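Colleague: My questions all concern the structure below.
We did not get these values from a lab; they are worked out from the coordinates using the rules stated. This structure is a prediction, so every number in the text was calculated from the model and none was measured. FYI the Cβ positions are ideal-geometry reconstructions off the backbone, even for glycines, and counts take in every protein chain you see.
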C-alpha cells in the first residue's frame, strides 16, 4: 500500500450520496487500509460510519453502536491516518455549543479552506448520536430521505 501521510482517502464524493448512490463498493476491511480516523456511511445508507483509532463503528438508525464485519461495504467515506499537528487543550466545556464555538475559532485561526480531523478526548456523562435509517430501493435523494429517516 502506498498511502502517504496527510493523504485524505475519499471513497466516492459526498455528491454521490446526495444523488442517491447508496450501494457500497469498498469493504470495511479495505477502507481500514487507507486510514485510522474518519467518517462515512454503509451500504443502503445504513447508519453512520465512525472510524477512531483504527476501529470502525456503525451508528445505526436506532442509535445503537456496533462494530461491523469486515466484508460490509461502504458507498462513501473520508478517512486518513490521524497525526495531530496542533493541539487545543480545553477545560470545563459544558455544552455542545461551547465546544462548537471553540472548534470554529480554532479553524478560523488556521484557515477555512482545508479538511480538518478533530479528535476530542474526554469523559462524557451522555453521548447523543444522529444517524440515518437504512434505505430501500428505489432510493430517494438524500435530502428527501433525511426529512423523515434520521
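Colleague: Show me the three semi-axes of the equivalent ellipsoid for segment 35-81, from the C-alpha gyration tensor (sqrt of 5 times each eigenvalue), largest first, rounded to whole Å. Please list the in-between numbers first.
Modeller: Details: eigenvalues 50, 26, 18 Å².
For segment 35-81, the ellipsoid semi-axes come out as 16, 11, 9 Å.
Colleague: Oh, and also: Would you mind ranking 96, 90, 31, 49 by Cβ crowding within 10 Å, fewest neighbours first?
Modeller: Details: 96 9, 90 13, 31 23, 49 26.
With the sparsest Cβ surroundings first, the list reads 96, 90, 31, 49.
Colleague: Hey, another quick one. I need 7, 148 ordered by Cβ neighbour count within 10 Å, fewest first. Mind dumping the intermediate values first?
Modeller: Values: 7 13, 148 8.
Ascending Cβ contact count within 10 Å gives the list 148, 7.
Colleague: Can you give the translational diffusion coefficient of the chain in µm²/s, computed by Stokes-Einstein from the Kirkwood radius over Cα pairs at 4 °C and 1.567 mPa s?
Modeller: Values: Rh = 16.7 Å.
D, rounded to a whole number, is 78 µm²/s.
Colleague: Continuing with the same structure: Describe numerically, in nm with one decimal, the distance between label points set 7 Å from Cα along Cα→Cβ at residue 39 and at residue 121.
Modeller: My value for the distance between the label points is 2.2 nm.
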